[in-house]
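Asks: I am attaching a structure below and will ask some questions about it afterwards.
The values are calculated or read from the model by the stated rules, or taken from the named source; none is laboratory data. Owing to the predicted nature of the structure, the values given are computational and were not obtained by experimental measurement. For neighbour counting, all protein chains shown are included, and Cβ atoms are generated from backbone atoms with ideal geometry for every residue, glycine included. These accessible areas exclude ligands, DNA and RNA; they are computed on the full protein's heavy atoms, side chains included. Shrake-Rupley method; radii C 1.70, N 1.55, O 1.52, S 1.80 Å.
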Amino acid sequence: MTSRKPNPFEYAPAPESRAVVDIAPSYGLFIDGEFTEAADGKVFKTVSPSTEEVLSEVARAGEADVERAVKAARKAFDKWSALPGAERGKYLFRIARIIQERSRELAVLETLDNGKPIKETRDADLPLVAAHFFYYAGWADKLDHAGYGPNPQPLGVAGQVIPWNFPLLMLAWKIAPALATGNTVVLKPAETTPLSALFFADICRQAGLPKGVVNILPGYGDAGAALTAHPDVNKVAFTGSTAVGKQIARALAGTDKKLTLELGGKGANIVFDDAPIDQAVEGIVGGIFFNQGQVCCAGSRLLVQESIQDELLDSLKRRLSTLRLGDPLDKNTDIGAINSAEQLARITALVDTGEAEGAERWSAPCELPSTGYWFAPTLFTGVTQAHTVARDEIFGPVLSVLTFRTPDEAVAKANNTPYGLSAGIWTEKGSRILAVANKLRAGVIWSNTFNKFDPTSPFGGYKESGFGREGGRHGLEAYLDV
Amino acid sequence: MFHRRQEESSTGAKGCERNVTPERKLCGAEDFTSRYARRYAPLVTMPPVPKSDKPAKAEKAAKVDKADKKVKSVKTESAATPAKSPFADVTASDATLRRFLHGLPGVDTVGLEARAAALGTRSIKTTAKAYAIDLAISMIDLTTLEGADTAGKVHALGAKAVHPDPTDRGTPTTAAVCVYPDMVATAKAAVAGSGVKVASVATAFPAGRAALGVKLADTKDAVAAGADEIDMVIDRGAFLSGDYMKVYEEIRAVKEAAGPARLKVIFETGELSTYDNIRRASWIGMIAGADFIKTSTGKVGVNATPANTLLMLEAVRDFRAQTGVQIGVKPAGGIRSTKDAIKFLVLVNETAGPDWLDNHWFRFGASSLLNDLLMQRQKLATGRYSGPDYVTVD
């Protein structure tokens, strides 16, 4: 799996059992509390990115299905929104508990369908998913105290489109606040990762959620476009690429739909010369190689103070050489598979561009499995602001290393991007953390850590990284008529 | 605290600008590539450090099974005379030593503990587990440090160290038995001919509150009785009051008194309290010539933890990268289960690296750990758990 020099302490395979999850050969759309075929009978296959094995065949939603689903959600809205908040909260608490009870099954499923390591689905995705439902369940009967005046009203039907990088977590970010505030939802998962959303549909039935409150439409971009453009949808929430986000914004211009977008990023991770070096290295690794770098808030630009560049890069390379790439179900795997052939091609093309433009490439010495979609952890040194790899979002395990001389230069370079989602600051000097954070134009700023998430903390971007906030009290606003 | 470090380094830089000699400039800017040099270049001059880790490799190659030869090879490297020490300028005065220690990169508590916890989730199964259990047994310093120790008790301990599992003679021996100085001769006799070392605590263990002369006499007495290894405690009072030089000098003096015996330096991390302090203590120990740095005595509330051991493993890793000299690490106290021991071995493997996966470079100071390892070992061999009556009670 990994190709380090022969080590007497080579970890034996420790795979999580696949037997805990039962994947059916085919799945339908989830509309009005029932699984149903697509109106035009179309289906698509979902594969495991680590083996290219076909996991299941899933109904592909079209325009007619969007129509049906929105109608079901509209029908369910009156009763759902009229429920006392405490009653809606009970459903959400029930969903959260079922997610916890089934978390091992869901973690394995997510790893199979997405390609990310079981270590991450088990220790990050699933605990956060449950935490999100618990958190917003608590808000359901306290909306009067959320700061939007007495008795704030829901918007109606929410059309939600989510990406493939954190399939179930993004679902939780979207559905939990929508239901807590009394909206009903139609959600389209990404075409490469539809399964966990369909398992969630089953959880909704298990929890006895009224029919039509949650509808799940697996499908491609056409279904997403039909959903967001549907005239009876009152609220659109999208997480994904900046290009698609712009299309949606154009399509919605002039309508009264409320829109929130969470788009791409090119996060700067700024390391000052007085940083705690060993922990900074861990933070850099977690910042860009968590989920194979397929994270919108990834710290994909490392800005390191020139005076410590050599020692930091030496430490970083040594650390990257210990990363274990391979079977995502193995509990010792650090780096899993890239989600799709398409994404792998995109990463490869951008890395080739980086090399062609003269940036120096270094990849961790690891053997890639022969089937599936894989990319070795890679970093580019000698990168300047003019390089493509410093400007474009790669959305893969690729780190661009830039240097700076002074705090002002660090801030200028960090802000010199069309994006503004995340940033990190590494220094032992508290006053510098506060001074630099105030000047950074990014929605989330971590200091002496990176990629830490919590349902109580709002998340969202500046500039082309989108608008609106998810999580925390602020996350309620997107789903309330305020 | 943050501010003070900033001030110090900036005054240091100014001082450098004021009297830059060509020699210093070269040393600071060109030849000197080692990790902490940059922070110190203005303050101290050190000879350039070879970039490759050849000395360590050469030493590894020279390592043969006969343990006494190992000791010699280490001795030649780490017992350098003060004049040749690459840290001569660091230890030139109280001020230089303090500046060096306070200029080491800080430790972020949350990040360090998170990394230790993350490595604790490694899943070590089947063949890897079998390897780890045998390795852990071979790394134990089987310890009895009680006021109630008797010749009978020490004799039993020695027998157990030589044949840990009476039902399986193929079980590796432990690395050493660890006793008080007055029990060294007894222990030596108990393990005679087995290759098991005898380690003795010394220097007024565990408090270390005695005059230097007493500590040195304690050490010499243990070595004279045949101790192969000396486990000394540092003067925590001196460390916490900022008298780093006293701590350093004392380690050097004990090192000299210990002669051929390998020296383990106990910091009592639970009393040093902060991770920054543990990192500083590690560097004092390494610069002063310790062969091992060791977490604790086992006599205070907080002993070895994954986080403080991880930090010390980073220290020996960095020290070898800078000087070519490899130094061992010994967590002691509180490690009782196989699961815990394996977590520590994962820390070693993924922090210092496989070069430390050898009882010459890593030890567990423990007593009850051995029986749990033996029960797990029997379980791997037979497929079922035996129980505490199938291992010896000592």
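Asks: Report yes if B:Val329 is under 20 Å from the mean Cα position of the chain (by Cα) and more than 14 Å from chain A (Cβ to nearest Cβ), otherwise no.
Replies: Answer is yes for this residue.
Asks: Related question: Out of the residues in the stretch A:394-429 that are within 26 Å of A:Ala349 (Cβ to Cβ) and assigned to a helix (DSSP H, G or I), state the one that is nearest to the chain's Cα centre (by Cα).
Replies: A:Ala414
Asks: Against the condition open to solvent by 60 Å² or more (accessible area, probe 1.4 Å) and more than 24 Å from the chain's Cα centre (by Cα), how does A:Gly254 come out, does it pass?
Replies: For A:Gly254, the condition - open to solvent by 60 Å² or more (accessible area, probe 1.4 Å) and more than 24 Å from the chain's Cα centre (by Cα) - is met.
Asks: Quick one: which helices (runs of 4 or more DSSP H) sit completely within the stretch A:296-391 and have at least 2 residues that are open to solvent by 60 Å² or more (accessible area, probe 1.4 Å)?
Replies: A:309-320, A:341-356
Asks: Does the stretch A:261-275 contain at least one residue that is touching a residue at least 60 places away in the same chain (Cβ under 8 Å) and assigned to a helix (DSSP H, G or I)?
Replies: No: zero hits.
Asks: Which residue is surrounded by the fewest Cβ atoms within 10 Å (Cβ to Cβ), if the candidates are limited to the stretch B:348-377 and must be more than 16 Å from the chain's Cα centre (by Cα) and in a loop (DSSP other than H, G, I, E, B)?
Replies: B:Ser368
Asks: A:Thr406 versus (1) within 14 Å of chain B (Cβ to nearest Cβ); (2) touching a helix residue (DSSP H, G or I) at 6+ places or on another chain (Cβ under 9 Å); (3) surrounded by fewer than 19 Cβ atoms within 10 Å (Cβ to Cβ): which is the lone unmet condition?
Replies: Here A:Thr406 meets the rest and fails (2).
Residues checked against (1) within 30 Å of A:Ala478 (Cβ to Cβ); (2) in contact with a helix residue (DSSP H, G or I) (Cβ under 7 Å, 6 or more places away or on another chain):
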{"residue": "A:Lys257", "(1), (2)": "yes, no"}
{"residue": "A:Asp273", "(1), (2)": "no, yes"}
{"residue": "A:Cys296", "(1), (2)": "yes, no"}
{"residue": "A:Ile347", "(1), (2)": "no, no"}
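Asks: For the stretch B:114-134, which residues satisfy the criterion of being more than 7 Å from every other protein chain (Cβ to nearest Cβ) and in contact with a Pro (Cβ under 8 Å, 6 or more places away or on another chain)?
Replies: Residues satisfying the conditions are B:Ala116, B:Ala117, B:Leu119, B:Gly120, B:Asp134.
Asks: Name the residue, out of B:Ala148, B:Ala159, that is surrounded by 16 or more Cβ atoms within 10 Å (Cβ to Cβ), out of contact with any Lys or Arg (no Cβ under 9 Å at 6 or more places or on another chain), more than 12 Å from every other protein chain (Cβ to nearest Cβ) and among the aliphatic types (A, V, I, L, M).
Replies: B:Ala159
Asks: Within the stretch B:120-148, how many residues turn out to be in a loop (DSSP other than H, G, I, E, B) and more than 17 Å from the chain's Cα centre (by Cα)?
Replies: Counting residues in the stretch B:120-148 that are in a loop (DSSP other than H, G, I, E, B) and more than 17 Å from the chain's Cα centre (by Cα) gives 11.
Asks: Can you find a residue that is open to solvent by less than 10 Å² (accessible area, probe 1.4 Å), part of a loop (DSSP other than H, G, I, E, B) and under 23 Å from B:Thr109 (Cα atoms) anywhere in the stretch B:262-269?
Replies: Within the stretch B:262-269 (the criterion being open to solvent by less than 10 Å² (accessible area, probe 1.4 Å), part of a loop (DSSP other than H, G, I, E, B) and under 23 Å from B:Thr109 (Cα atoms)), the answer is yes, since at least one residue qualifies.
Asks: Go through (1) within 14 Å of chain A (Cβ to nearest Cβ); (2) in contact (Cβ under 8 Å) with a residue 12 or more places away in the chain; (3) under 22 Å from B:Thr305 (Cα atoms) and name the single condition B:Ile137 misses.
Replies: So the condition that B:Ile137 fails would be (1).
Asks: With the checklist (1) within 14 Å of chain B (Cβ to nearest Cβ); (2) aliphatic (A, V, I, L, M); (3) free of Cβ contacts under 8 Å to residues at least 40 places away in the same chain in hand, flag the one item A:Ala280 doesn't pass.
Replies: (3)
Asks: Can you pull out every residue in the stretch A:257-270 that is under 12 Å from A:Ser447 (Cβ atoms) and either of a type in the set (S, T, N, Q) or within 11 Å of chain B (Cβ to nearest Cβ) (or both)?
Replies: Once the filter is applied, which keeps residues that are under 12 Å from A:Ser447 (Cβ atoms) and either of a type in the set (S, T, N, Q) or within 11 Å of chain B (Cβ to nearest Cβ) (or both), the stretch A:257-270 yields only A:Asn269.
Asks: While we're on this one: What number goes with the only condition from (1) under 25 Å from the mean Cα position of the chain (by Cα); (2) open to solvent by 10 Å² or more (accessible area, probe 1.4 Å); (3) more than 9 Å from chain B (Cβ to nearest Cβ) that A:Gly293 does not pass?
Replies: (2)
Asks: So, A:Asp141, is that one free of Cβ contacts under 8 Å to residues at least 40 places away in the same chain, open to solvent by 10 Å² or more (accessible area, probe 1.4 Å) and of a type in the set (Asp, Glu) or not?
Replies: no
Asks: Conditions: (1) buried (at least 21 other Cβ atoms within 10 Å of the Cβ); (2) within 14 Å of another protein chain (Cβ to nearest Cβ). B:Leu142 meets all but one. Number of the miss?
Replies: (2)
Asks: Let me confirm something: among B:Leu345, B:Leu369, which residue is among the aliphatic types (A, V, I, L, M), more than 14 Å from every other protein chain (Cβ to nearest Cβ) and over 16 Å from B:Phe292 (Cβ atoms)?
Replies: The conditions single out B:Leu369.
Asks: Checking the conditions here, which among B:Leu345, B:Leu380 is within 15 Å of the chain's Cα centre (by Cα) and touching a residue at least 60 places away in the same chain (Cβ under 8 Å)?
Replies: Selected residue: B:Leu345, the only one of B:Leu345, B:Leu380 that is within 15 Å of the chain's Cα centre (by Cα) and touching a residue at least 60 places away in the same chain (Cβ under 8 Å).
Asks: With the requirement that a residue be touching a Leu at 6+ places or on another chain (Cβ under 8 Å), open to solvent by 10 Å² or more (accessible area, probe 1.4 Å), in a loop (DSSP other than H, G, I, E, B) and not polar (S, T, N, Q), what does the stretch A:224-251 give you?
Replies: Once the filter is applied, which keeps residues that are touching a Leu at 6+ places or on another chain (Cβ under 8 Å), open to solvent by 10 Å² or more (accessible area, probe 1.4 Å), in a loop (DSSP other than H, G, I, E, B) and not polar (S, T, N, Q), the stretch A:224-251 yields only A:Gly240.
Asks: Right, something else. Test B:Thr186 against the criterion of being open to solvent by 10 Å² or more (accessible area, probe 1.4 Å) and either under 21 Å from the mean Cα position of the chain (by Cα) or of a type in the set (Lys, Arg) (or both), and give yes or no.
Replies: no
Asks: Right, something else. A:Asp78 - would you say it is assigned to a loop (DSSP other than H, G, I, E, B), free of Cβ contacts under 8 Å to residues at least 40 places away in the same chain and away from every other protein chain (no Cβ under 14 Å)?
Replies: In short, no.
Asks: In the stretch A:78-131, what residues are among the aromatic types (Phe, Trp, Tyr) and open to solvent by 10 Å² or more (accessible area, probe 1.4 Å)?
Replies: Answer for the stretch A:78-131, where residues must be among the aromatic types (Phe, Trp, Tyr) and open to solvent by 10 Å² or more (accessible area, probe 1.4 Å): A:Tyr91, A:Phe93.
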